[in-house]
Structure formats: structure tokens, C-alpha cells
Amino acid sequence: MRIDRMLDGGTRPVFSFEFFPPDTPEGEDRLFQTIAQLRELEPSFVSVTCRNHSRSRTLAVVTRIRNEMGLEPMAHYTCAGATREELREMLRGLHDAGIENVLALRGDPPKGSDRFEVTAGGFAHATDLVDMIRDEDDFCVGGACYPEGHLESPTLDEDMRHTVAKVNGGVSFLITQMFFDNRHYFDFVARARAAGVTAPIIPGIMPITNLARLSREGGTLFGAVVPPRLVSALLQRESVPDAVAALGTAYATLQCSELLAGGAPGVHFYTLNRSPSTRAILSALLAARPWERAR
């Protein structure tokens, strides 16, 4: 089922999980164990990321999810490291596998570089990719957005112009980069609506379950600012990993509850291919149903 139809007047918010394609058969077995555990919560859809060397893995995983797990998959689809013809070939593979939903992304710079490199015969922007997808087939196309601004955008206004261009080009819904202060989401939505964006904007949430990727000095995680009081509370529990995970899960649950009560159309969970914290958060949300008191 197309995600734009899920978002069009459903009785409950859209909940979704994001996974990445493992590099080994053992990793894939663990991934599908995670998916089986999360399937019990009846997610609206699940997404699978795409790295330059894993396009075929992305296609294989989304196909297996659809055929074996009975869940609606969305394939991430990036410009990085591919020519136009290679991108068209992947689109044909997705179409032949019965995949209806794609998330159009520019992709990250090469490892070890902070600058995106355009592949000869490829695309420079996600908007170019959206145009090609629209010309090739009738996919439901999603796009990414950045409540705190894309790292390469000099200003929030410039970042919003890129967001508007994606939607005008045919993106049906947006999923945010992760954030840890809900004010960033609500402010972004207000700015987007003022700029004429009417597409649903799904907040992306990742519970902090360990401190490995947390920047202690700047208080950031994957480029998103972590509130100082949360950083302090997490660091106080650094010697007890279970306490860090418990606090991160509780904080994310509060985040999601406030977002849904504030009118967010759903939540997209960045799972890092793990299930315990995400299962706990979504189970609590389904029991409390904060969206029923949406403002």
C-alpha cells in the first residue's frame, strides 16, 4: 500500500521502523529476528537504507520483507555513487518486486570526506532524483527534511527552499532527521507550512541507548543537538549501560507522546537494527494513545 494513502485520514498515526541492510548472512538473520519481534506491533511500513555498495542488498531486503514478513517496505534510493542508468535499473528492480514506496535522497559524502561528489552521469540533488522517479513510474515518493537545518545549508531559509523544491517536485511526505528537542520539530513544521508545504511531516526519533556515538563536548548525535540536561543525565549513568538505555528509552517515549499530542502524523523510529527500546516505546504509545488528545 502507498504511504501517502496511509497518511490520508487513517484512524491511528503512522508508525514505521528504519533498518539497514546487513553485510553478512548472520547479520541478516538477526535483522529478520528483530523485524519479526516488531511486526507484532503492526507497523504501517518499514524502510531499508541504501549505501553505495549495498543497492542490491537494499532491493533484496525490501523484497524479502514484503514477501516473507507481510509488511509494507520502503526502499531508500540515493544519488550517491550511481549513474542515471544504474538508478533507472534499480527502479525497474523495485517495480518488478512490487515495491510501491521509495525515499529519495541525495546520499552522504564518501567516507572520510565532508563534501558530496557527483558521479559522472549521475545526479547532484535529491530533487533531480525525484524528477526521474516521476518520469519512470508511479511510485509514492518520500523525502528527508532537517528540523535543525542540513549540515551543508548555510541558513535555515536556504534549507527550507530545498525542502519546498522537493515537495513541488513530487514528494508526497517528509521524514525528519532525528532530533532530541521537540521545539525543533514544531518550529520546522510551522516554517514549512508558512512556506506553502502541505505534505505530512513525520518526525524521526532515535532513543539513545548507548553513548558510543554521542559527542560529549558538543552534545550532538548524528549531527542533532542533544539537550545539555539530557547529556548530563546520561553521563551520570555511563558506568551502568542498562541505566543509560532505560533513560534514553524513557526520554524518547516522552518525546513521542508530546509529538503525537501536538498533531504529528506518526513517528518514524531509527532502530539501528535493534528492537527492545523501540518495542517498549511503541507499546507504551499504543497503550496511552496520546494522539487522541491532539491539539
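Going by what's in this entry, would residue 223 be described as in contact with an Asp or Glu (Cβ under 8 Å, 6 or more places away or on another chain), under 21 Å from residue 19 (Cα atoms) and modelled with pLDDT under 95?
Details: in contact with an Asp or Glu (Cβ under 8 Å, 6 or more places away or on another chain): yes; under 21 Å from residue 19 (Cα atoms): yes; modelled with pLDDT under 95: yes.
It is true that residue 223 is in contact with an Asp or Glu (Cβ under 8 Å, 6 or more places away or on another chain), under 21 Å from residue 19 (Cα atoms) and modelled with pLDDT under 95.
Within segment 238-246, one or more residues are in contact (Cβ under 8 Å) with a residue 24 or more places away in the chain, assigned to a helix (DSSP H, G or I) and not small (Gly, Ala, Ser). Within segment 98-112, at least one residue is open to solvent by 70 Å² or more (accessible area, probe 1.4 Å), without any contact (Cβ under 8 Å) to a residue 12 or more places away in the chain and assigned to a loop (DSSP other than H, G, I, E, B). Select from segment 264-290 the residues that are modelled with pLDDT under 95 and open to solvent by less than 50 Å² (accessible area, probe 1.4 Å) and write down the one among them that is nearest to residue 48 (Cα to Cα). Residue satisfying both the conditions and the ranking: 273. Among the candidates 91, 59, the residue that is open to solvent by 30 Å² or more (accessible area, probe 1.4 Å), of a type in the set (A, V, I, L, M) and farther than 19 Å from residue 274 by Cβ is uniquely 59. Inspect segment 27-37 for any residue being part of a strand (DSSP E or B) and open to solvent by less than 30 Å² (accessible area, probe 1.4 Å) and give the result as yes or no. Scanning segment 27-37, I find no residue that is part of a strand (DSSP E or B) and open to solvent by less than 30 Å² (accessible area, probe 1.4 Å), so the answer is no.
Please go through segment 116-161 and give me each residue that is hydrophobic (A, V, I, L, M, F, W, C), over 14 Å from residue 106 (Cα atoms) and not in a loop (DSSP other than H, G, I, E, B), ordered by number.
140, 156, 160, listed by residue number.
Within segment 62-73, is there a residue that is at pLDDT 95 or above, surrounded by 22 or more Cβ atoms within 10 Å (Cβ to Cβ) and more than 17 Å from residue 142 (Cα to Cα)? Checked segment 62-73: at least one residue is at pLDDT 95 or above, surrounded by 22 or more Cβ atoms within 10 Å (Cβ to Cβ) and more than 17 Å from residue 142 (Cα to Cα).
So that you can scan it fast, the table gives a plain yes or no per residue for (1) free of Cβ contacts under 8 Å to residues at least 24 places away in the same chain; (2) touching a Phe, Trp or Tyr at 6+ places or on another chain (Cβ under 9 Å); (3) open to solvent by 10 Å² or more (accessible area, probe 1.4 Å):
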{"position": "140", "(1), (2), (3)": "no, yes, no"}
{"position": "145", "(1), (2), (3)": "no, yes, no"}
{"position": "153", "(1), (2), (3)": "yes, yes, yes"}
{"position": "156", "(1), (2), (3)": "no, yes, yes"}
{"position": "163", "(1), (2), (3)": "no, yes, no"}
{"position": "166", "(1), (2), (3)": "no, no, yes"}
{"position": "173", "(1), (2), (3)": "no, no, no"}
{"position": "176", "(1), (2), (3)": "no, yes, no"}
{"position": "184", "(1), (2), (3)": "no, no, yes"}
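Note on segment 1-26: among residues that are assigned to a loop (DSSP other than H, G, I, E, B) and open to solvent by less than 40 Å² (accessible area, probe 1.4 Å), the one that is farthest from residue 116 (Cα to Cα) is 13.
The values are calculated or read from the model by the stated rules, or taken from the named source; none is laboratory data. The model shown is predicted, which means the values in this text are computed figures rather than measured ones. Every residue, glycine among them, receives a Cβ derived from its backbone with ideal geometry; neighbour counts consider all protein chains shown. In case anyone asks, the SASA skips ligands and DNA or RNA and just uses the protein heavy atoms, side chains included. Shrake-Rupley method; radii C 1.70, N 1.55, O 1.52, S 1.80 Å.
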